[in-house]
1. Quick one: how many residues across segment 195-207 are open to solvent by 40 Å² or more (accessible area, probe 1.4 Å) and either within 13 Å of Leu141 (Cα to Cα) or of a type outside the set (S, T, N, Q) (or both)?
2. Go through segment 175-185 and give me each residue that's closer than 13 Å to Leu141 by Cα and surrounded by 19 or more Cβ atoms within 10 Å (Cβ to Cβ).
3. With the structure loaded, tell me whether Pro264 is assigned by the TED database to the domain that holds Ser204 and open to solvent by 60 Å² or more (accessible area, probe 1.4 Å) or whether it fails that test.
4. Got a sec? Which of Glu543, Glu516, Glu551 is surrounded by fewer than 12 Cβ atoms within 10 Å (Cβ to Cβ), of a type in the set (Asp, Glu) and part of a helix (DSSP H, G or I)?
5. Based on what the data block shows, is Val253 open to solvent by 10 Å² or more (accessible area, probe 1.4 Å) and not assigned by the TED database to the domain that holds Ala448?
6. How about segment 454-484: which of its residues are among the basic types (Lys, Arg), open to solvent by less than 70 Å² (accessible area, probe 1.4 Å) and in a loop (DSSP other than H, G, I, E, B)?
7. If you take the residues of segment 485-506 that are open to solvent by 60 Å² or more (accessible area, probe 1.4 Å) and over 27 Å from the mean Cα position of the chain (by Cα), which of them is modelled with the lowest pLDDT?
8. Can you find even one residue in segment 136-148 that is in contact with a helix residue (DSSP H, G or I) (Cβ under 6 Å, 6 or more places away or on another chain), closer than 30 Å to Thr50 by Cβ and either outside the structural domain of Phe274 (by the TED database) or of a type in the set (A, V, I, L, M) (or both)?
Amino acid sequence: QFPFGRRLPCDIYWHGVSFHDNDIFSGQVNKFPGMTEMVRKITLSRAVRTMQDLFPLEYNFYPRSWILPEEFPLFAAEVHMMKDSDPSWKPTFIVKPDGGCQGDGIYLIKDPSDIRLTGSIQSRPAVVQEYICKPLLVDKLKFDIRLYVLLKSLEPLEIYIAKDGLSRFCTEPYQEPTLKNLHQVFMHLTNYSLNIHSGNFIHSDNVNTGSKRTFSSILCRLSSRGVDVKKLWSDIISLVIKTIIALTPELKVYYQSDIPAGKPGPTCFQILGFDILLMKNLKPMLLEVNANPSMRIEHEQELSPGVFENVPSPVDEEVKVAVIRDTLRLVDPQKKKRKDYLLLIIHYCKDLINQCFIIKKNPKRQHIESCKNKVNVRYNYFMCYRCQTLEHVSEAKEELLDAGPAERPDRDAGRSPEAGLPSLCLKQVFPKYAKQFNYLRLVDRVAALFIRFLGVKGTTKLGPTGFRTFIRNCKLSNSNFSMASVDILYIDITRRWNSMGIDHKESGMCLQAFVEAFFCLAQKKYKSPPLHEQVASLIEFCEYHLAALDEKRLVCGRG
């Protein structure tokens, strides 16, 4: 640990809270810029809602949500309309503060009038969602799943999911919400930080019992009941990939702001905590995503009144140690160097073969001498790089020789740095399943257009000039849609998004506002629904005109 920073650069920086914990200019950082903001309850709800507008069936794993206080009138109107059309409908809703964590400030309501519209809701916005009344129960208790997901790279997108997770149980037998039991948090809320204070909470050394268990133990139990566990895992993987696809467009905007393209800077990776609830019909539902999931592997135990001791938690240790160990294995910079070395060997071998083939094809003395020189140069480069790599190997061997017999690893372990480690607990799901999900990445392409026209590097908002340039370069203005109409569209949408209290540090149009404007343009240009087809058509139209413009500039540059 370096509390006051470090002068020499590192391969990997492990930050506690966010990307901005320290100023980093090289290596790899375990946080993405903007991730903490992106997984807040309001921002996550907005990102998923955008995808629900485009692909409603694919994104039906997230409960219907309203943002408070701005959407309270809409929430109240929709609920009353649904109750009027179906008097038997008796819904329950859950209110979650935007910046809350560990169950802080969460409560259940039966009617919009029950929302605590006091000064706190104005100063502390919240999300209200339909409460899932029919969860899957184990031992008559409600539980949720904490799955660990590694986002290894944004571009190209690379996602890994841990093969095991945690199941966190409520501590009172579940009953469907009524006015009498709405306030019984140990029955309805699965948060570990709440239930640990219950007298019924059970700390167990067995991963199959207690108030916190491994997810694999639950899967074994479900499998014994005849549940198709492979199908369940497939649904969970789909949920994770789709959620990250919803988050990546805005993450890319944050990323280019902090690490502009073409400039030296760190790369990023991040472990995320996905909280998932299984419904009675085994459909997984996303509850929330955590940017900083707890990695503690012990819990406090009260030895005597007021005297506590940290005790190891076998369940946490089994899951979390594997996640961190294998994350470090996947981002290991030495592994990348070894891979680069192999690619370089392949490159030089191909080059040498090509030059030898040219000599054979053109047996003129002058040409042979020229090619031989090229072969020698390439061979010398290759040997130089090989010597540099072998130098590191010889240094390691010398260290082993200096070490005493007890310190030396056995021969089999010395063959590979990972020979003594278990197989990876992190399973790659993207790009492995990219073909199944790439059609969903429309907003990613819209974000690429947005970033192109930002103009000033380091900014996250589009000014009026940038928006007009986008319209002109993509040939979107015509007699029915003049530049005056373009300005009105920009002002109306930008003003509304800014009034929602979204990042007043910069003036201009944020990505969500640009996406809304883009959807409006798509609906104007292409009259036939569905929306995702209209948006896809407009993206292709814009990309075509921008590619033609780039080609024209390239030709002019050559001229």
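1. The total comes to 7.
2. Val185
3. yes
4. Glu551
5. So Val253 does not fit the description; no.
6. Of everything in segment 454-484, just one residue is among the basic types (Lys, Arg), open to solvent by less than 70 Å² (accessible area, probe 1.4 Å) and in a loop (DSSP other than H, G, I, E, B), namely Lys461.
7. Ser499
8. yes
The values are calculated or read from the model by the stated rules, or taken from the named source; none is laboratory data. Keep in mind the model is a prediction, meaning the values are calculated, not measured. Note that each Cβ is placed from the backbone with ideal geometry, even for glycine, and that neighbours are counted across all protein chains shown. The accessibility values were calculated without ligands, DNA or RNA, using every heavy atom of the protein model including side chains. Shrake-Rupley method; radii C 1.70, N 1.55, O 1.52, S 1.80 Å.
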